[in-house]
Amino acid sequence: MRLYQMDHGWYFSVPDNWTAERDSQDGHYLFYPPDSDLTLHFTPWQVEREGEPAPAELMIGAFLRGMPEDAKPMDKLACHLNRFDVKGFAFSRKRKGQRVFQRMVGYYAPGALMSVGIFGTWEQECDRAVTMLDQLQRA
């Protein structure tokens, strides 16, 4: 496993043969295995005003605004993180004639949000990828 450091003190471990990329313009981190269309998309946020962290309600509100109406809450997320609440949703979309399954997981606390999107064409692979989130850490 390789440990990757992301902005705002976030860390994530992936298998050695996975590819990791960072979009410096948007601040996104992408992780994906070889020979698969599975992609894990991480976006870390940190929000303060005059040195005070934004309320947790504001952070989760930002995450939920991007959720489609037909997204179903995920029960029993096994990927918890100390000092953070977590919400997860599952849905799918047709893209270019192919069904794409999505899992969106948001870790939030005052002033902090890690938005994780998991995308793939095989539903079981997306569900297994959610269990990898137990590798997520915050310093």
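The values are calculated or read from the model by the stated rules, or taken from the named source; none is laboratory data. In this text, all values refer to a predicted model and were calculated from it rather than measured experimentally. Using ideal geometry, Cβ is built from the backbone for each residue, glycine included, and neighbour counts are taken over all protein chains shown. Note: accessible area is taken over every heavy atom of the protein model, side chains too, but ligands, DNA and RNA are not part of it. Shrake-Rupley method; radii C 1.70, N 1.55, O 1.52, S 1.80 Å.
What to note about this one:
- Filter pass, VAL100 being aliphatic (A, V, I, L, M), surrounded by 14 or more Cβ atoms within 10 Å (Cβ to Cβ), farther than 18 Å from ASP127 by Cβ and over 14 Å from the mean Cα position of the chain (by Cα): no
- Counted residues, region 1-24 - those being part of a strand (DSSP E or B) and open to solvent by less than 50 Å² (accessible area, probe 1.4 Å): 5
- Scanning region 64-93 for residues that are under 13 Å from the mean Cα position of the chain (by Cα) and open to solvent by 90 Å² or more (accessible area, probe 1.4 Å) yields one hit, HIS80.
- Any hit, region 30-46, residues being β-branched (Val, Ile, Thr), open to solvent by 50 Å² or more (accessible area, probe 1.4 Å), touching a residue at least 60 places away in the same chain (Cβ under 8 Å) and closer than 26 Å to PRO110 by Cβ: no
- Entirely in region 54-139, the strands (runs of 3 or more DSSP E) that have 3 or more residues that are among the hydrophobic types (A, V, I, L, M, F, W, C) and farther than 23 Å from HIS8 by Cα: 85-95
- Close pairs (7 angstrom Cβ cut-off, 6 or more residues apart or separate chains): closer than 18 Å to ARG138 by Cα in region 75-92, of a type in the set (Asp, Glu) anywhere: ALA78/ASP134; CYS79/ASP134
- Yes/no for GLN5 being polar (S, T, N, Q) and in contact with a helix residue (DSSP H, G or I) (Cβ under 8 Å, 6 or more places away or on another chain): no
- Which listed residue is surrounded by fewer than 16 Cβ atoms within 10 Å (Cβ to Cβ), more than 20 Å from LEU133 (Cα to Cα) and of a type in the set (Gly, Ala, Ser), from GLY27, GLY61: GLY61
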